[in-house]
1. I need the full set of residues from the range 32-88 which are part of a loop (DSSP other than H, G, I, E, B), within 30 Å of L196 (Cβ to Cβ) and of a type in the set (D, E, K, R), in order please.
2. Give the range 195-214 a look and list any residue that's over 27 Å from E390 (Cα atoms) and of a type outside the set (D, E), or say none.
3. Would you kindly identify the strands (runs of 3 or more DSSP E) lying entirely within the range 129-196 that contain at least 2 residues that are buried (at least 19 other Cβ atoms within 10 Å of the Cβ)?
4. So which residues in the range 388-418 are in contact with a helix residue (DSSP H, G or I) (Cβ under 9 Å, 6 or more places away or on another chain), open to solvent by 30 Å² or more (accessible area, probe 1.4 Å) and at pLDDT below 80, if there are any at all?
5. Say whether the condition of being in contact with a strand residue (DSSP E or B) (Cβ under 7 Å, 6 or more places away or on another chain), closer than 16 Å to I438 by Cβ and polar (S, T, N, Q) is met by at least one residue in the range 74-93.
6. With T424, T458, T435, T359 as the choices, which residue is of a type in the set (S, T, Y), surrounded by fewer than 18 Cβ atoms within 10 Å (Cβ to Cβ) and modelled with pLDDT of 90 or more?
7. When you scan the range 288-350 for strands (runs of 3 or more DSSP E) that lie fully inside it, which ones turn up with 3 or more residues that are at pLDDT 95 or above and open to solvent by 50 Å² or more (accessible area, probe 1.4 Å)?
8. Can you list residue pairs whose Cβ atoms sit under 7 Å apart, with the first residue in the range 452-464 being touching a residue at least 12 places away in the same chain (Cβ under 8 Å) and of a type outside the set (D, E, K, R) and the second being part of a strand (DSSP E or B) and open to solvent by 60 Å² or more (accessible area, probe 1.4 Å)? Count only pairs 6 or more apart in sequence or on different chains.
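The values are calculated or read from the model by the stated rules, or taken from the named source; none is laboratory data. Predicted, not measured: the structure shown is a model, and the values here were computed from it. With ideal geometry, Cβ positions are generated from the backbone for all residues, glycine too; neighbour counts draw on all protein chains shown. These accessible areas exclude ligands, DNA and RNA; they are computed on the full protein's heavy atoms, side chains included. Shrake-Rupley method; radii C 1.70, N 1.55, O 1.52, S 1.80 Å.
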Amino acid sequence: MAWVTPTVTVEQEFAGIGGGWTDITGDVTMDPITLVYGIRSHRPEERLATTGEMKLAMRNDANNSGSQLGYYSPFHASKRSGFDFNNRIRLKTVYAGDTRYWMGRIAGIMPEPGQYGDTRRSFISAVDWMDIAARTTAPTAIQLTKRSDQIFSAILANIVTQPALTDILPGIDTYDYGLDNENSSAPVPTQWADLLRSELGYAGVKRDATAGETLFFEDRQARIRTTSTLVTLDNTMHGLEMPGDRDDIINRVRIIVHPRTVSAGIVVARLEAAATTSIAPGEAQTIVMDYTDPVQRDTKIGAKNGIALAATTDYTMNAAQDGSGADLTTSFTAVATYRASSVSVLITNTGTAAGFLRTLQARGDGIYSLNDVIGEATAAPGAYGENIAEVDMRFQNDASRAARAAIYLGNLYKSPLANVRKVTFVANQSAALMTAAITGDISSRIAIVEPVSGLLATQLYFINGV
């Protein structure tokens, strides 16, 4: 057999972002390079990719390119200049004119001491851009009458470190209210996961031909519109995992949607206790308050049409914490930034004396999501027993969508499916397989033919993870 071989290189930035890429392939050991990323689940409610990770090992003995022992040890005196945590690193694969990059940031460095030169390695792990999203809380303004992709982009805009590239398709659904019933401290992936369950779309980070970091968003019809098949694995796979699981047969789908009610001109947020510390002259403090019901303060709500804060009405300041001192309200300013489920207030002391915050509130229109609507689609349990899937469409307020979405998902999962969890193939066996390995990514369509399992070319699959 004539083996097909791609070109594989590892490159790293040592001078910071934009500082240029250095080929470090010569310092990579013969240990396997592993790369895993994408959506790890096949369940209908799991539609967002988790953090991807690449692992490799570097030569850390004196026979590396720097001729330095400890060249890839972050705390060694001979550490390679610029080598550190959070450096960007990328894997480049090239075959027959097709190039793909995967880019990540170094998250772990574990030097191995070793008694002999060849065993002195430094094990490196790098994570993709989804790690940045997972570490980010991005409170966003209320999204009124916006498509799902527009809400996705609004959340993305509040992340400081942006992905290198984006591929965001227009969403199918438009929501009257977006983010109003999200926790203000929820990390970005939580917000996106709720949005994707509402759209029944997919999102994550995948490889590309230029940067290796493309954040994508797909509407629920994107895969249906795919007409070309990347590759047919006709009994050429190295491994196939197709477990027959009764729980994959879903005969009851419950879709939850959230109709809203609006109350105009209410106090949507209030600080219930006076501040315990004073605000010095010239000092500025930021206070964040979640929106809550004016009567039942333990009931969280959303809000829109926030009103500019008015002195004495929405905030008061006093020279003494117990309120017995002089009224200093006119020596302070308070500016509110209204978000979907919280308000951030910047309070500045413009006077010459320290003061205590005695009152702070914010007014606007309260958005209530109190009476959830559940749509169900049920198939006869038959010989399989009952298995329920529940999808919470937190951004959806149209009650009629609940039943339609339940019917849609119910029809997809009510019968036994040849559910391929994982397929592995040796790409070196042919040009077609190597091209598929290089260019295939999340949402690529493939066919699998395997006589023992009974898989036919007419059964098509979409890649969820690589």
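1. Within the range 32-88, R40, R43, E45, E46, R47 meet the criteria.
2. As a first pass, look at the range 195-214 and keep what is over 27 Å from E390 (Cα atoms): 206-214.
K206, R207, A209, T210, A211, G212, T214, listed by residue number.
3. Values: elements: 143-147, 165-168, 174-178.
In the range 129-196, 143-147, 174-178 are the strands (runs of 3 or more DSSP E) which contain 2 or more residues that are buried (at least 19 other Cβ atoms within 10 Å of the Cβ).
4. Y413, P416, L417
5. To start, the set of residues in the range 74-93 that are in contact with a strand residue (DSSP E or B) (Cβ under 7 Å, 6 or more places away or on another chain) comprises 74, 85-93.
Still in the running and closer than 16 Å to I438 by Cβ: 90-93.
Narrowing the set further to residues that are polar (S, T, N, Q) leaves 93.
Yes, that holds for at least one residue.
6. Working: T424 fails: modelled with pLDDT of 90 or more; T458 fails: modelled with pLDDT of 90 or more; T435 fails: surrounded by fewer than 18 Cβ atoms within 10 Å (Cβ to Cβ).
When all the criteria are applied, what remains is T359.
7. Details: elements: 302-304, 315-318, 332-338, 342-349.
Qualifying strands (runs of 3 or more DSSP E): 332-338.
8. From residues that are touching a residue at least 12 places away in the same chain (Cβ under 8 Å) and of a type outside the set (D, E, K, R), the pairs are A457/T232.
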